[in-house]
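Heads up: the structure comes next, in structure tokens.
The values are calculated or read from the model by the stated rules, or taken from the named source; none is laboratory data. Please read all numbers here as calculations on a predicted model, not as lab measurements. So basically every Cβ, Gly included, is an ideal-geometry build from the backbone, and we count neighbours across all protein chains shown.
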Amino acid sequence: MTTPKVYALHENPDWFPPFAAAFEAEGVEYEEWLLTEGTLDLDAAPPEGIFWSRVSASSHTRDHGFTKDYARAVLSWLEAHGRRTVNGRRVLELEMSKVDQLTALRAAGIDTPRTVAAVGGRDQVRKAAQDFVAGGGGTPFVTKHNQGGKGLGVRRFDSLADLDAYLDGAEYEEPVDGVTLVQEYVVAADGGITRVEIVGHELVYAVRGDTERGGFQLCPADACAIDPATGRPVMPPGATVAMAPDDPTSLFSVREGYDDPVVEQYLQFTRRHGIEVAGIENIRTVDGRTLTYDVNTNTNYNSEVEAAAPLSGPRQIARLLKRVLAETYAS
């Protein structure tokens, strides 16, 4: 029998170096398993080890359109053979669907933005927006893709007429799964969102993301800040304050002493759904609400935040996986 090790299931090598460094620092034997294309022998048994899934909802934007279904197949196969998965098959579905996230959050008593889902093409998005406004959602509102990440499909509209112009124009972005959300537009009380990083059902740290300069694109990974086609900083949609290309100020910073009651709700939520690694995002609104709008189960970490934080996210993940591996194969 081969020596059990950690298998990291993912599709984006650009995001993996911080985790590789953490595994090496913690002495964790690991192997990367890229879920971009390949074969799967359903009559064979999986290798011995534990399997950490960090498959991203934005994989299709990197020409990895088959990754979602490949991951479903692999995780189903692993779990059918009794292999220990971390962020397994059920968690993958949460990663891939904001509707799934929002309904699960609401069921747990966690406040979320008012949302109407449109299933189908442009006419259904138009109808969803009409229903949203007529139902008290008002304007402005935003649209976003159900299978998203990196701000996919997020646009602000100040009126139904503005939405009509977008839907009838060439810039309309079709969601990969055919589901578009129409959601209330909320203004942050302090110009930023909060991302709560959780590993092993414990708080690692909380991060502030600057919505004024970062807009709707607040992926914390360093690779997200650079356009791979141009090598220049990404200019995010939805920003209200211009950010110079050479601005040294980070969009992300540690929220010291973050003790909002929502943190305990998040910890309970991750236990209930078997989510062992996550970055859950909320916004504190000007009218005093804390609205949770995103559950990232392939969470990334920002290098500047990591340098200032009391704990390291990747190191905490490496320690978790090392512990799970030892527990799974304890003699």
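Residue 45 passes every criterion in (1) within 19 Å of the chain's Cα centre (by Cα); (2) over 25 Å from residue 315 (Cβ atoms); (3) among the small types (Gly, Ala, Ser) apart from (1).
Residues in the stretch 27-61 that are under 25 Å from residue 306 (Cβ atoms), in contact with a Pro (Cβ under 9 Å, 6 or more places away or on another chain) and not in a strand (DSSP E or B): 1 in all. Filtering the stretch 1-16 down to residues that are in a strand (DSSP E or B) and of a type outside the set (A, V, I, L, M, F, W, C), which residue is nearest to residue 330 (Cα to Cα)? Ranking the qualifying residues of the stretch 1-16, first place goes to 5. Consider the stretch 17-32 and keep the residues that are crowded, with 17+ Cβ neighbours inside 10 Å and touching a strand residue (DSSP E or B) at 6+ places or on another chain (Cβ under 9 Å). The one that is farthest from residue 330 (Cα to Cα) is 19.
With the condition kept exactly as written, say whether any residue in the stretch 60-70 is polar (S, T, N, Q) and in contact (Cβ under 8 Å) with a residue 40 or more places away in the chain. Step through it out loud before you land on a result.
Taking the stretch 60-70 as the starting set, the residues that turn out to be polar (S, T, N, Q) are 61, 67.
Checking the rest, the ones that are also in contact (Cβ under 8 Å) with a residue 40 or more places away in the chain come to 61, 67.
There is at least one residue in the stretch 60-70 that is polar (S, T, N, Q) and in contact (Cβ under 8 Å) with a residue 40 or more places away in the chain.
Could you check, for the stretch 84-92, whether at least one of its residues is within 26 Å of the chain's Cα centre (by Cα), hydroxyl-bearing (Ser, Thr, Tyr), modelled with pLDDT of 95 or more and within 21 Å of residue 281 (Cα to Cα)? Explain how you work it out, then say what you get.
At the first step, the residues of the stretch 84-92 found to be within 26 Å of the chain's Cα centre (by Cα) are 84-92.
If we keep only those that are hydroxyl-bearing (Ser, Thr, Tyr) as well, we get 85.
Those still in the list that are modelled with pLDDT of 95 or more too: 85.
Now drop any that are not within 21 Å of residue 281 (Cα to Cα), which leaves none.
No; the residues of the stretch 84-92 include none that is within 26 Å of the chain's Cα centre (by Cα), hydroxyl-bearing (Ser, Thr, Tyr), modelled with pLDDT of 95 or more and within 21 Å of residue 281 (Cα to Cα).
For the stretch 82-108, name all the residues that are assigned to a loop (DSSP other than H, G, I, E, B), touching a residue at least 40 places away in the same chain (Cβ under 8 Å) and at negative phi. Quick ask: steps written out before the conclusion?
Here is the first cut: in the stretch 82-108, the residues assigned to a loop (DSSP other than H, G, I, E, B) are 82-83, 87-88, 97, 108.
In the following step, the residues that additionally are touching a residue at least 40 places away in the same chain (Cβ under 8 Å) were identified as 87-88, 97, 108.
Listed by number, the residues that qualify are 88, 97, 108.
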